[in-house]
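What follows is a set of notes on a single structure, which appears directly below.
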């Protein structure tokens, strides 16, 4: 069942739940969000530049929740793709990280793929597909739990690399709570997903109007910070 935030003749805005792949990968054949989209909007299968990612200009990690935009026609797909390439799309994420993070800051560090793994890193020998990556952050508040300090942060990615936010936060010793790939294996809330949520996405539509799409924080995350 799709959680539809907003729909126009050009696009769908969905609130993606954690634990669901956006599209199929070489290693995973489980049901995906795009599979569900195509059941209700079969014509989207012909939109985009990839048969496995129809309608998609951006994506979210499996265990990240929040706003995802799916193009319904090729002209809008090309339009949105151009906006992303020109960095004219504003995305805001919410994350809970280990430790106390203060004020505002920027992580400007290229990210590459570690050979033989799915992990990305800003450092290491023989990294593959290294690309520039920039993340701005702003600390919102600190939370104490079981003798540990955590910080709720807003994140503003200026680029869109795979695992970018998770890698950048881990690189400054503040990994995302629940991120077992780049952070700690356990957390005080026994959270079975990473505390990373795509809160909003903002861009100018083809008719020139500013569009801001927002997704409510899932209950399993909301109860931690309330």
query: Roughly what % of Cα-Cα distances in the stretch 42-133 sit above 20 Å, to the whole percent?
result: 58
- line: Going fewest to most other Cβ atoms within 10 Å around each Cβ, 121, 190 line up as 190, 121
message: On C-alpha positions alone, give me the angle between the axis of helix 74-85 and the longest principal axis of the chain, in degrees, nearest 10.
response: 30
- line: The residues 177, 211, sorted from fewest to most surrounding Cβ atoms within 10 Å, come out as 211, 177
statement: Relative contact order of the stretch 93-194 (C-alpha contacts under 8 Å, at least 6 apart) in percent is 29
- prompt: Given the convex hull over the Cα atoms of the stretch 156-226, what projected area results after averaging over all orientations, in nm²?
  reply: 6.2
- request: Work out how far the C-alpha atoms of the stretch 93-194 reach from end to end along every principal axis, then list the three figures in whole Å, largest first.
  value: 39, 27, 18
- request: Take 61, 82 and order them by how many other Cβ atoms sit within 10 Å, fewest up front.
  value: 82, 61
statement: Over all Cα pairs of the chain, the Kirkwood radius sets Rh, and Rg/Rh then becomes 0.96
task: Only Cα pairs under 8 Å and at least 6 apart count here; give the relative contact order of the stretch 151-203 as a rounded whole percent.
output: 21
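A short reminder: the numbers here are calculations on the coordinates, not readings from a lab. The model shown is predicted, which means the values in this text are computed figures rather than measured ones. Note that each Cβ is placed from the backbone with ideal geometry, even for glycine, and that neighbours are counted across all protein chains shown.
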